[in-house]
1. So, residue 175, is that one farther than 20 Å from residue 76 by Cα, at pLDDT 80 or above and buried (at least 20 other Cβ atoms within 10 Å of the Cβ) or not?
2. For residue 76, which of the numbered conditions (1) closer than 15 Å to residue 301 by Cβ; (2) within 12 Å of the chain's Cα centre (by Cα) fails to hold?
3. Return yes or no: is residue 167 out of contact with any His (no Cβ under 7 Å at 6 or more places or on another chain) and under 13 Å from residue 320 (Cβ atoms)?
4. If you check residue 160 against the conditions, is it under 22 Å from the mean Cα position of the chain (by Cα) and of a type in the set (S, T, N, Q)?
5. Only residues that are farther than 19 Å from residue 289 by Cα and polar (S, T, N, Q): list them for the stretch 301-358, please.
6. When you scan the stretch 124-137, do you find a residue that is at pLDDT below 95, touching a Lys or Arg at 6+ places or on another chain (Cβ under 7 Å) and of a type in the set (S, T, N, Q), even just one?
7. Where in the stretch 1-62 are there helices (runs of 4 or more DSSP H), lying wholly inside it, with at least 2 residues that are more than 23 Å from the chain's Cα centre (by Cα) and modelled with pLDDT of 85 or more?
8. Could you grab the pairs with beta carbons closer than 9 Å, sequence gap of 6+ or different chains, first residue in the stretch 122-148 and under 29 Å from residue 182 (Cα atoms), second one basic (Lys, Arg) and in a helix (DSSP H, G or I)?
Amino acid sequence: MTVAEAMEREWPLLLAVGILAFLVFGNSWISQGLDQPIFLIAILVGLCGVILTAAIAIVRHADELAHRLGEPAGTLLLTLSITGLEVAMVAFVMSTGTPKPTLARDTMFAVVMLVINGFLGCALLVGGICHREQPYNPQSANAFLSLIVPLTVLGLVLPNFTQAAPGPLLSTFQMVFLSIMSVGVYSGFLFLQNQRHRGFFIMPDTSEEPGKTAAHGGMPTAFHGGMLFAYGVPLVLLAKKMSVPMEAMVLRLGAPPALSGLVMAILVLTPESIAAIQAARADQLQRSINVLLGSVLASIGLTIPLVIAVSLITHRPLELGLGPSEMVMLVLTLVTSLLTFTIPRTNVLSGMVHLLLFAAYLLLLFDR
């Protein structure tokens, strides 16, 4: 593939930059039209479409690099590319404009519900329909869940029961401790995944080393790495611009406040998760588990310390504790996930149960 042909495929980058420029220079005109419901919905749909298109392009470049690195480093790169974008979007939106104390909490909870119950449920269901039962390495799922469970409970449930600060809040000392613990735990996991216990995240009958998997394209590695950064900058800025019409929709149309977190999670994680579902359909469930559970762990482990740092630096309030119904759904999801991966093979029943929990999450989100 020539350089000219490669650049022709990067039209989503031009689209994202062009829409961003339009929003910057037409900000006053757009703000006047947010009082009109039809115009408001059109702006949100257009922005979501642009962000989703650019996110698909990011996954394309990250997936190319992942194939060159092999497993599990390749899947880790793919996960960090998308999760890093999501974390940056949340932190940037939270630090600007009007205070949004619950945005990080709603986004992290939406990631858990969307990925573990929605996308993982689809992957297990599709894989079970196509292959009846699918094997995987249980050590990988157990490694992911052994960290996801304590991080989510400490970050999203414990703040409701601490006494140092009222309500779903943490004291400064508690936030610093939670940040250090999250960074330490996730750093330890990265060492385990890529050094000491790489075999946990590879099927026992396979041996895939970096460089053995053929790359799809002919462009150098530096090109794909540069494009990841080039797409990331306008997407983060577009997320900031989207926060204004999203707030207007919540106020004027009566949408659930937590909807913004779900929308952000869908936009960023859908392209990567579709690839995971396709992997399950191709009887590569191990890759699906690495991508999906890795996304949840990275999202929690990276979002918590970053948003806490933003809150402490900008002195903006940060609410991490979930409401009663959300806590029930979180605990139920975690317990179901532990039961799903107690046996070394999955089937359609596992997928159906997780999708049922996702339907319950949507019901509680909109039926208020």
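The values are calculated or read from the model by the stated rules, or taken from the named source; none is laboratory data. Everything numeric in this text was worked out from a predicted model, so none of it was measured. Positions of Cβ are backbone-derived with ideal geometry, glycine not excepted, and every protein chain shown enters the neighbour counts.
1. yes
2. Only one criterion is unmet by residue 76, namely (2).
3. When the stated conditions are applied, residue 167 passes them.
4. Spelling it out, it is not the case that residue 160 is under 22 Å from the mean Cα position of the chain (by Cα) and of a type in the set (S, T, N, Q).
5. Passing the criteria: 303, 311, 314, 325.
6. yes
7. 11-25
8. 123/281
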